[in-house]
Amino acid sequence: MKRIKELTQVLNEQVIDLLTGVTIYRNYFEEHQYDPNNLIHAGVQRMCINHIVISLSKLWEAFAQVYGKEFQGFPEALRKEKNRLQKYLDDKKVYQFRSKYVAHLIDKETGSPICSKEGASRLSAIVGTNHGEMLNFLSEISPLDDETGEAGIVGVVQRLNQHCYGILSQVEATP
């Protein structure tokens, strides 16, 4: 049960981190007309997106590398949702982007500084190339009109987490 407790903590943190990044981005740009030439706007955008990418990378890592065995015991419908989300993260190469462009200054393969032009190109493959596409990406994480918290990536993570809580409550209820 220790691993399920750990997984619950990981999933909780990612829900919080995803919602925080999305909310800060949306709230900031509701108050400020987005201007791609404004350095503060670019910084807020970069901070939020990097934060979200790191969180999505942690989800991928939990799915693909750390808690795979635990997920095998989940109901089929939840496993399918988890697998679809993992494939989405694989297709967007979120973990690779985080590992090379968000987390490092020097390219391990070349020994040279990371090429920001290539990084920007890879980032646009994840989040889009303009403010509108970025808002669509954020809606994939947490749709603006979702008052239940059940839609988008956050909804999938919440359902996985609820299942973990169910497992833990059954164990605690067992004499």
### Message
Can you pull out every residue in the stretch 62-88 that is outside any helix (DSSP H, G or I) and either touching a His at 6+ places or on another chain (Cβ under 9 Å) or among the hydrophobic types (A, V, I, L, M, F, W, C) (or both)?
### Response
74, 75
### Message
With the requirement that a residue be assigned to a helix (DSSP H, G or I), exposed (fewer than 13 other Cβ atoms within 10 Å of the Cβ) and touching a residue at least 40 places away in the same chain (Cβ under 8 Å), what does the stretch 132-175 give you?
### Response
171
### Residues located in the stretch 79-103, provided they are touching a residue at least 60 places away in the same chain (Cβ under 8 Å) and touching a Phe, Trp or Tyr at 6+ places or on another chain (Cβ under 8 Å)
82, 85
### Task
Kindly list the number of the only condition in (1) more than 25 Å from residue 9 (Cβ to Cβ); (2) modelled with pLDDT under 95 that fails for residue 50.
(1)
### Query
Looking only at the stretch 110-119, which residues are surrounded by 12 or more Cβ atoms within 10 Å (Cβ to Cβ) and assigned to a helix (DSSP H, G or I)?
118, 119
### Task
Would you check if residue 40 is assigned to a helix (DSSP H, G or I), within 22 Å of residue 139 (Cβ to Cβ) and among the β-branched types (Val, Ile, Thr)?
no
### Task
Only residues in the stretch 3-30 that are under 13 Å from residue 67 (Cβ atoms) count as the first member; pair them with residues that are part of a helix (DSSP H, G or I) and among the small types (Gly, Ala, Ser), Cβ under 6 angstrom, at least 6 apart or cross-chain, and list the lot.
10/62; 14/55
### Message
Any residue that is of a type outside the set (Val, Ile, Thr), touching a helix residue (DSSP H, G or I) at 6+ places or on another chain (Cβ under 6 Å), closer than 17 Å to residue 151 by Cα and in a helix (DSSP H, G or I) - is there at least one of those in the stretch 53-61?
### Response
yes
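The values are calculated or read from the model by the stated rules, or taken from the named source; none is laboratory data. Model, not experiment: these values are computed from the prediction. All Cβ positions, even for glycine, are placed from backbone atoms using ideal geometry, and neighbour counts span all protein chains on display.
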